[in-house]
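In what follows, a single structure is set out as structure tokens and then discussed.
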Amino acid sequence: MPVVELTLLLLLAIAVGGALVHWTPLPLPILLVVVGVAASFVPGLDGIVVDPELFLLLFIPPILFADAWVLPRRDFVSTLKPVLLLALGLVVLTVVAVGYVMHWLIPAMPLAVAFTLGAIVSPTDAVATVATTQTLPLPAKIVLIVNAESLLNDASGLVAFKLAVAAAATGLFSSTAVAGNFVHLAGGGIIIGIFFEWLGRELRQHLIHLHAGDPVLQTLLTVLMPYGAYLAAEALHVSGILAVVAAGLWASGQEVKGLTADARQHAREVWRMLSYVLNGLVFVLLGLQLRRMLTSVDEYAPLDLAWYALVLWALLMVLRIAWVWISAHLRYRLGWGWSGSSSGPDPRRMLLVSWAAVRGSITLATALSVPAVIAAGTPFPERDLVVFLAAATIILTLAFNGLPLPWLIRKLAVGSGEESLHEEHAARAEIARAALAAVTVAESELADPEDLAFARQLAGRYQGKLELLEGEPQHARLRAAHITLRRRLRLAAISAERQRLHELHASDAINDETLRIIETELDERELVSSISVDRG
């Protein structure tokens, strides 16, 4: 099928999934996979083959960069030790355990090939994990740990994959080479990512000094940044994925000086749209590929294949649960636990961290990149079975881990981030106090009665925010009720303005350009007026 028609069909599938998600209990990622599987039965879509290298290049850099960009850097540093235990220690354990167990279960699968399978399924997927958990009321620290882990374990998983494929092709394995290659790939990727983020920020800053701070240009440069980091890292034979993650983490909080509010707003909207579309394409393409991957193995009985897949999923979960529980208690004994409880690790939080282990696009791309032939032109041993088990793992983790998460969260009744909400309220109160002080100083310099009245009205608004955020509960509720009533009045007035504007356009009293200009202003005012009571 031509690329243009295929792209339009994929975008249509994303739109269909985005509409259906409001009437189904399925999270959007799982629903999009289902839509993709259903679309694979459409003539012309059943033979879609995605080049894994192209897949990684087009989709993964901007998605991982956006996810790393919004990761709270201060909180990430505070949870770095447990994240590294999951992203490094658990990956190594998974590769080794899966290798030996699957080699024992399937004697026809060589040990090096079994290690390759373990490396493919070991990392949780940042794209799938973030998309699955972003709308769930998980505690902030659990979301942070799970998302940070899934961003970092891609590097360790891909390093293990490359070494396992090399061992399967040559029959040679060296622990010294493993350590050296990991340091080279990971360290080089981090350096390249930080360098490219710094270079991109300096370029944007220089353009602003040259009065070239156009919001569209500034946003375009941020979109190009992850691609540049990825391509440069891959050209230097280091981890492109880790370079993108490092660039995103380093960009977090590194604001470009002189950037206008329009540029920031434009960047947020563009990245929101880009992330939505690319995430959707990843899961729809995943669904399109799954049917072919699941039907590629015909030398094994269906029941045997189902048994192998279930054993692999169960093994992954046992390893993860055991590792999380053991390491959590070890961290608590060492005094740097993450459970949030002074009496010891919280079993509910540990269970949520253990269960949020979705596999997705990285597993898909890695499985498809297993070479078809090795040295001397011989086929890669059990390649179709490896690809099948990787695809089955994606399906089972999306179904068995992703689907029960909302029910599990409600059942465990774990808090959903009251600390971060308190921090936000405190910050809002502080900036309102600073604004009130600035208005008070300016008020003493005003002589015109109208200007003075406006200054006092503005000061009253900020004083009202402080009462809402820090006042007595009864006064805060009364203030919130007043704010709600005033908002309704403003929205009613804006609605009347918009209705009259469209009447003028329908009668040809104004042209399309005038309609767009005025309606844009009305939209901005409506957005400001629609801010929730909680945010003052």
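The values are calculated or read from the model by the stated rules, or taken from the named source; none is laboratory data. None of the values given here were measured: they were computed from a predicted structure. Counting neighbours? That spans all protein chains shown, and the Cβs are built from the backbone with ideal geometry, glycine included.
A few points about this structure:
- Any hit, the range 383-392, residues being outside any helix (DSSP H, G or I), touching a residue at least 60 places away in the same chain (Cβ under 8 Å) and more than 16 Å from residue 313 (Cα to Cα): no
- Residue in the range 184-191 that is in the same structural domain as residue 162 (by TED's automatic domain parsing) and either of a type in the set (Ser, Thr, Tyr) or in contact with a His (Cβ under 6 Å, 6 or more places away or on another chain) (or both) present: no
- Here residue 46 fulfils each of the conditions (1) assigned to a loop (DSSP other than H, G, I, E, B); (2) without any contact (Cβ under 8 Å) to a residue 40 or more places away in the chain apart from (2).
- Residues in the range 233-245 that are at pLDDT 90 or above and buried (at least 19 other Cβ atoms within 10 Å of the Cβ) were compared, and the one that is nearest to residue 189 (Cα to Cα) is 243.
- Looking across 411, 465, one residue alone is at pLDDT below 85, assigned to a helix (DSSP H, G or I) and in contact with a Gly (Cβ under 6 Å, 6 or more places away or on another chain). It is 465.
- Looking only at the range 58-94, and only at residues there that are aliphatic (A, V, I, L, M) and not in a helix (DSSP H, G or I), the one that is surrounded by the fewest Cβ atoms within 10 Å (Cβ to Cβ): 70
- Odd one out for residue 155, checked against (1) modelled with pLDDT under 90; (2) under 16 Å from residue 401 (Cα atoms); (3) surrounded by 24 or more Cβ atoms within 10 Å (Cβ to Cβ); (4) hydrophobic (A, V, I, L, M, F, W, C): (2)
- Which listed residue is at pLDDT 85 or above and either out of contact with any strand residue (DSSP E or B) (no Cβ under 9 Å at 6 or more places or on another chain) or at negative phi (or both), from 512, 448, 508: 508
- Extreme residue, surrounded by the most Cβ atoms within 10 Å (Cβ to Cβ), among residues of the range 35-57 that are more than 16 Å from the chain's Cα centre (by Cα) and within 26 Å of residue 219 (Cβ to Cβ): 55
- Scanning the range 435-450 for residues that are farther than 11 Å from residue 466 by Cβ and either part of a helix (DSSP H, G or I) or of a type in the set (Gly, Ala, Ser) (or both) yields 437, 438, 439, 440, 441, 442, 443, 444, 447, 449, 450.
- Of all residues in the range 198-249, those satisfying the criterion of being of a type in the set (S, T, N, Q) and over 20 Å from the mean Cα position of the chain (by Cα) are 205, 218.
- Subset of the range 246-261 [over 21 Å from residue 189 (Cβ atoms) and either among the β-branched types (Val, Ile, Thr) or buried (at least 24 other Cβ atoms within 10 Å of the Cβ) (or both)]: 256, 260
- Some residue of the range 160-171 being exposed (fewer than 15 other Cβ atoms within 10 Å of the Cβ), closer than 30 Å to residue 383 by Cβ and at pLDDT below 80: yes
- Screening residue 14 on (1) within 23 Å of the chain's Cα centre (by Cα); (2) surrounded by fewer than 19 Cβ atoms within 10 Å (Cβ to Cβ); (3) at pLDDT 85 or above shows it passes everything except condition (2).
- Of residues in the range 95-131 being among the small types (Gly, Ala, Ser), assigned to a helix (DSSP H, G or I) and under 24 Å from the mean Cα position of the chain (by Cα), the one modelled with the highest pLDDT: 118
- Cβ pairs under 8 Å, 6+ apart, first in the range 295-322 and assigned by TED's automatic domain parsing to the domain that holds residue 40, second among the acidic types (Asp, Glu): 296/384; 297/384
- Taking the range 462-496 as the range and being of a type outside the set (A, V, I, L, M), buried (at least 16 other Cβ atoms within 10 Å of the Cβ) and more than 22 Å from residue 427 (Cα to Cα) as the test, only 487 passes.
- The residues in the range 264-300 that are assigned to a helix (DSSP H, G or I) and under 30 Å from residue 382 (Cα atoms) can be counted, and the count is 14.
- In summary, residue 21 fulfils each of the numbered conditions (1) modelled with pLDDT under 85; (2) within 27 Å of residue 248 (Cα to Cα) with the single exception of condition (2).
- Of the residues making up the range 237-263, those that are assigned to a helix (DSSP H, G or I), in contact with a helix residue (DSSP H, G or I) (Cβ under 8 Å, 6 or more places away or on another chain) and either charged (D, E, K, R) or free of Cβ contacts under 8 Å to residues at least 24 places away in the same chain (or both) number 1.
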